[in-house]
1. Name the residues in the stretch 237-262 that are part of a strand (DSSP E or B) and more than 18 Å from Gln145 (Cα to Cα), would you?
2. Report, ordered by the first and then the second residue, all pairs with beta carbons closer than 8 Å, sequence separation of six or more or different chains, a first member in the stretch 230-259 that is within 21 Å of Gly199 (Cβ to Cβ) and in the same structural domain as Pro169 (by TED's automatic domain parsing), and a second member that is of a type in the set (Gly, Ala, Ser) and surrounded by fewer than 20 Cβ atoms within 10 Å (Cβ to Cβ).
3. Can you name the condition, by its number, that Asn146 falls short on among (1) more than 28 Å from the chain's Cα centre (by Cα); (2) crowded, with 21+ Cβ neighbours inside 10 Å?
4. Among the residues in the stretch 12-35, are any surrounded by 13 or more Cβ atoms within 10 Å (Cβ to Cβ), of a type in the set (Gly, Ala, Ser) and at pLDDT 50 or above?
5. Working only within the stretch 97-129, note down all residues that are surrounded by 15 or more Cβ atoms within 10 Å (Cβ to Cβ) and more than 25 Å from Val43 (Cβ to Cβ).
6. I'd like the full set of residues that are more than 20 Å from Tyr168 (Cα to Cα) and not in a loop (DSSP other than H, G, I, E, B), limited to the stretch 181-234.
7. Specify which of the listed residues (Tyr112, Tyr105) is assigned by TED's automatic domain parsing to the domain that holds Ser45 and on the phi > 0 side of the Ramachandran plot.
8. Can you run down the residue pairs with Cβ atoms below 6 Å, 6 or more apart or on separate chains, where the first is in the stretch 204-216 and surrounded by 15 or more Cβ atoms within 10 Å (Cβ to Cβ) and the partner is β-branched (Val, Ile, Thr)?
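The values are calculated or read from the model by the stated rules, or taken from the named source; none is laboratory data. From a predicted model like this one, the values you see are computed outputs, not experimental measurements. Here the Cβ is made from the backbone with ideal geometry for all residues, glycine too, and neighbour counts use every protein chain on show.
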Amino acid sequence: MRKFLIVTTTTTIAAAAVISAAPAIALTGGPARARPSATFSFVNSKIKAGGKPRLTYSTAHLPRKSRIYLQWQVGTARVWQDVERLKMPTGTVTARSVPMGVWTYRIHVVAYSHTVVNSASRQLYAYGTVTYATLCQVGMDGSCQNGTVQIGTTVFTYAELVDGTTTYPTYTEALSFGNTSCSSITLEWAEPEPTSRSGNTSYMEVVQSASPPANGSIGSNTIGALSVALDGGPFIIDVATNDGLGVYMNGSAQCYTPSGER
């Protein structure tokens with residue numbers, strides 16, 4: 001009797017082990033179904049205003065009858081609007097031209113009027129020309145003189161006159177600007193040659209918060225040019241001469257806002 005009970009108990013334990021293991025096998029099942037995905041990137045996220053952005057996109061694991069769209073945000077309410085339908089699941093496309101500004105895009109996938117997946121959004125910067133006169137009005141609160149002056153045999157149109165400068169190497173501040181949307185600025189400046197003497201020199205310097213200063217110098221009766229890459233932070237334009245006379249200034253910048261402010 002004891003031997004029978006021992007055998008029965010052993011069999012019961014073995015059976016229980018098999019039964020307890022069975023649910024684990026059942027729960028394992030097949031591989032998980034891959035989720036739909038959509039990604040994209042701009043070939044160049046900084047373009048000229050009026051240019052056409054070019055982007056590369058990719059989608060995967062989409063259900064049948066899916067429709068793929070490129071969208072951008074428009075209006076003060078930042079409403080998503082279709083730019084165009086993308087007919088292939090993966091590819092490179094050139095979208096329609098955009099005006100000056102910063103624009104937000106995404107890939108939007110729908111099926112049977114329901115959203116399948118949205119990609120992460122990315123920003124495109126479209127740069128246009130902003131005149132030095134505009135920057136001066138913003139940076140100097142409208143206290144900029146403008147007009148024309150003869151420089152050698154050229155009539156130079158100026159947007160600011162720094163009337164009376166310090167003697168180099170001490171500089172006079174011509175323009176102080178805050179955080180900017182401009183990626184670069186090209187400055188022109190000149191000093192007419194006084195009748196009393198010749199051989200004068202004028203100096204230009206652009207100082208930024210996160211970049212080394214850039215500078216240049218020219219002789220009198222010469223129109224100088226200085227192009228500087230801007231880092232997006234505050235910048236100051238300084239001028240100086242070796243005779244204390246006035247410097248006439250003009251130029252333009254490439255910015256994604258009409259005022260040059262960010």
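1. Residues satisfying the conditions are Thr241, Ala253, Gln254, Cys255, Glu261.
2. Gly244/Gly164; Leu245/Gly164; Gly246/Gly164
3. Here Asn146 meets the rest and fails (2).
4. Checked the stretch 12-35: no residue is surrounded by 13 or more Cβ atoms within 10 Å (Cβ to Cβ), of a type in the set (Gly, Ala, Ser) and at pLDDT 50 or above.
5. Correct list: Val110, Ala111, Val116.
6. Cys182, Ser183, Ser184, Ile185, Thr186, Ser227, Val228, Ala229, listed by residue number.
7. Every option except Tyr112 fails the conditions.
8. Met204/Val239; Val206/Val228; Val206/Ile237; Val207/Ile236; Ala214/Val206; Ala214/Val228
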